[in-house]
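The values are calculated or read from the model by the stated rules, or taken from the named source; none is laboratory data. This structure is a prediction, so every number in the text was calculated from the model and none was measured. Cβ coordinates were reconstructed from backbone atoms using ideal geometry, including for glycine residues, and neighbour counts include every protein chain displayed. Protein only, heavy atoms only, side chains kept; ligands, DNA and RNA dropped before computing areas. Shrake-Rupley method; radii C 1.70, N 1.55, O 1.52, S 1.80 Å.
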Amino acid sequence: SKKDKKEIEKLQGLSAQDFDREYITMMVKDHQKDLKEFKDEATSAQDPTVKQIADKGSQVIEQHLQIIQQIAKAHNVDVGGKEMSSTK
């Protein structure tokens, strides 16, 4: 997509340390967005199978988000402190 190409171009011009910081930031934001979308779908879907898949997907994405947030913290990357955790 255009967005992906723009992000690739941005990353290509960065030093190793800046690349790491920017990539980590992108991954946190992407996982936060995906988690929200999956949780929304799990809540609003009419089809029980879709609800179940979206719920299971949100659990996996939430685990991935926690991992990338830990990586961000270990590398002193400020990702805005927006942690999304399960409220089950």
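Let me know the charge dipole size of segment 1-45 about its Cα centre in debye, to the nearest 20, where only the beta-carbon of Lys, Arg (+1) and Asp, Glu (-1) is charged.
160
For the chain, take the longest principal axis of its alpha carbons; what is the angle in degrees between that and the long axis of helix 48-74, to the nearest 10 within 0 to 90?
30
Give me the net charge of residue 75's neighbourhood, meaning all other residues with Cβ under 14 Å from the Cβ of residue 75; Lys, Arg count +1, Asp, Glu -1.
Residues near residue 75 contribute -2 overall.
What does the charge count near residue 19 come to, summing +1 for each Lys or Arg and -1 for each Asp or Glu among other residues with Cβ under 14 Å from its Cβ?
Neighbour charge sum, excluding residue 19 itself: -3.
Given [x] 85; [y] 103; [z] 94, which label gives volume of the Cα convex hull per residue in Å³ as computed from the coordinates?
Of the listed options [x] 85; [y] 103; [z] 94, [y] comes from this structure.
Label-point separation (nm) for residue 16 and residue 55, each offset 7 Å from Cα along Cα-to-Cβ?
Each label point lies 7 Å from its Cα, and together they span 4.6 nm.
Give me the angle, in degrees from 0 to 90, between the Cα long axis of helix 2-12 and the longest principal axis of the Cα atoms of the chain, rounded to the nearest 10.
The angle comes out at about 40 degrees.
Rolling a 1.4 angstrom probe over the protein heavy atoms, how many square angstrom per residue are accessible across the chain?
In whole numbers, the chain has 76 Å² accessible per residue.
In percent, how large is the relative contact order of the chain, given Cα pairs closer than 8 Å and 6 or more residues apart?
Relative contact order comes out at 31 percent.
Note the angle between two axes, namely the Cα long axis of helix 16-44 and the longest principal axis of the Cα atoms of the chain, as a number of degrees from 0 to 90, rounded to the nearest 10.
10
What residue among 12, 59, 32 shows peak mean-square fluctuation when the chain is described by a Gaussian network model with Cα springs under 10 Å?
12
Mind checking the full-extension length gain between residue 66 and residue 8? Use 0.36 nm per residue of separation minus the Cα-Cα distance, one decimal, nm.
18.5 nm
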